[in-house]
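The values are calculated or read from the model by the stated rules, or taken from the named source; none is laboratory data. Since the structure is predicted, the reported quantities are computational estimates derived from the model, not experimental observations. Virtual Cβ from ideal backbone geometry, glycine too; neighbours counted across all protein chains shown. Each accessible area value is taken on the protein alone, full model and side chains, heavy atoms only, with ligands, DNA and RNA left out. Shrake-Rupley method; radii C 1.70, N 1.55, O 1.52, S 1.80 Å.
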Amino acid sequence: MTKTVHHWIGGKTVEGTSGNWGPVTDPATGEVTTRVALASAEEVDAAVAAAKAAYATWGTSSLAQRTGILFRYRALLDARRDEIAGLITAEHGKVHSDALGEVARGLEIVELACGITVQLKGELSTQVSSRVDVAAIRQPLGVVAGITPFNFPAMVPMWMFPLAIACGNTFVLKPSEKDPSAANLLAELAAEAGLPDGVLNVVHGDKVAVDALLEHPDVAAVSFVGSTPIARHIHTTASANGKRVQALGGAKNHMLVLPDADLDAAADAAVSAAYGSAGERCMAVSAVVAVGAIGDELVGKIRDRAEKIKIGPGTDPASEMGPLITAAHRDKVASYVTGAAAQGAEVVLDGTGYTVDGYENGHWIGLSLLDKVSTDSDAYRDEIFGPVLCVLRADTYEDGVRLINDSPFGNGTAIFTRDGGAARRFQMEVQAGMVGVNVPIPVPVGYHSFGGWKDSLFGDHHIYGNDGVHFYTRGKVVTTRWPDPSEAPAGVDLGFPRNH
């Protein structure tokens, strides 16, 4: 029987009233398993109103109250992580181990939020002038919103709302309508941990809901993770409506492999980084740049490893890669592979047309490997967001870095080499926000911040870490002068010697 996902507003499930519903499929079978309510602007307004009402008390709540709830929340998430991962696999399709890893990375930010007392310490300068002190403090913004993508339905929301509410804000989450169930469970567990009603709200929807949040006068800030065109729209629209914005966009992440690299390690890294989570992640390595004469050997090693990856339903413990989120996305990814040869690439592995026995209607695609790809081909220029790895050739280190820096994206990048001097030059010269040295997916740990450069980020703040705390708070400086007690008015005796 098809289940229904409703909104979570004011600490309880609220049935959708717009009359619009979205289908949620099991990517492994292609069957519609769930329908999700798609909010109207009025329903978004109700969620924002609940958050605004809750802010009246949550915004002035004690740090001890907030962290106490977050510690309990962390324990509940840890105890229910397998259940959360199961929802992710059922609606996104990623294998269970990948889903568990996603929950673990989200938990890192909850743990960071548990230590918010240290992050929110202010600054004090005494005696800047005679009996004058200056203090700098940080205060919450009010109601903030998060708009999150389908590829990490638990992790990316947890990159946002734990820090936001720890800082004293209230939150309205608009998750992807393609895999909405995990978001509701995260909100339910927060309520179980003692989070007051209205502090965290989940409203499902499509562009109608997104635009309502971007234009709402009571929303002070918007966080977004998704594709570059949508990130640009989010930034432009929300900024025009006077909101603070962090909008993380798409990527074309390069891995530069120098001639001295351990090619076995580089091939292992390329396969896991390109094909893990079916390539549906903004930090996937989608372009390997082979420098010098190592290209043929490296491609051979990548091919040998890729051919052994087991593709199947995420519920099968033997599966190493699952299906893509929708049939339409599968077909779009396949089109880049079928068109690659015509644009000059050598198709080493063609994953199109792949099926899994017993799951023929699933959104399946195999692993594709394209060699000698041109920088003006569609497969290189576009973010494919699927299990397609492009290999490009460069004669020198300088040629490789120039190729990477010419890309309009600047999310993440990596270098594989045994030479420390080359690695140091690369990390200083490459134009990307996150750099790995012999690390293929350099996603920072929770207490550092995640974010790219160029068309991979719109706004001034990266997400989580110190940048996240700064994004969800605003600074205030207080300058204070108190008269000396000896200057008390006549007739008032404070017990201090008088100077007159």
Among the residues of segment 285-321, the number that are open to solvent by 10 Å² or more (accessible area, probe 1.4 Å), within 27 Å of Ala432 (Cα to Cα) and in contact with a Gly (Cβ under 8 Å, 6 or more places away or on another chain) is 1
Looking at segment 433-482 only, could you name the residues that are among the acidic types (Asp, Glu), part of a loop (DSSP other than H, G, I, E, B) and open to solvent by less than 60 Å² (accessible area, probe 1.4 Å)? Asp455
Among the residues of segment 53-74, count how many are in contact with a Ser or Thr (Cβ under 7 Å, 6 or more places away or on another chain) and either modelled with pLDDT under 95 or open to solvent by 20 Å² or more (accessible area, probe 1.4 Å) (or both). 2
Pairs needed: first member in segment 109-128, touching a residue at least 60 places away in the same chain (Cβ under 8 Å) and of a type outside the set (A, V, I, L, M, F, W, C); second member anywhere, in a helix (DSSP H, G or I) and open to solvent by less than 80 Å² (accessible area, probe 1.4 Å); C-beta distance under 7 Å; at least 6 residues apart or different chains. Glu111/Arg74; Gln119/Val469
Quick one: is Asp264 part of a helix (DSSP H, G or I), open to solvent by 10 Å² or more (accessible area, probe 1.4 Å) and among the charged types (D, E, K, R)? yes
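Condition check ((1) under 30 Å from Arg424 (Cβ atoms); (2) open to solvent by less than 50 Å² (accessible area, probe 1.4 Å); (3) in contact with a strand residue (DSSP E or B) (Cβ under 6 Å, 6 or more places away or on another chain)) across all residues:
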{"residue": "Val356", "(1), (2), (3)": "no, yes, no"}
{"residue": "Glu360", "(1), (2), (3)": "no, no, no"}
{"residue": "Asp371", "(1), (2), (3)": "yes, yes, yes"}
{"residue": "Asp378", "(1), (2), (3)": "no, no, no"}
{"residue": "Glu383", "(1), (2), (3)": "yes, no, no"}
Hey, can you tell me all the residues within segment 7-40 that are of a type in the set (A, V, I, L, M) and either part of a loop (DSSP other than H, G, I, E, B) or exposed (fewer than 15 other Cβ atoms within 10 Å of the Cβ) (or both)? Ala28, Val32, Leu38, Ala39
Do the conditions hold for Ala238, that is, is it open to solvent by less than 10 Å² (accessible area, probe 1.4 Å), out of contact with any Cys (no Cβ under 9 Å at 6 or more places or on another chain) and in a helix (DSSP H, G or I)? yes
Given the criterion crowded, with 18+ Cβ neighbours inside 10 Å, at positive phi and not basic (Lys, Arg), identify the matching residue among Gly86, Gly93, Gly106. Gly93
Residues in segment 100-152 that are of a type in the set (Gly, Ala, Ser), under 25 Å from Ile234 (Cα atoms) and not in a loop (DSSP other than H, G, I, E, B): how many? 3
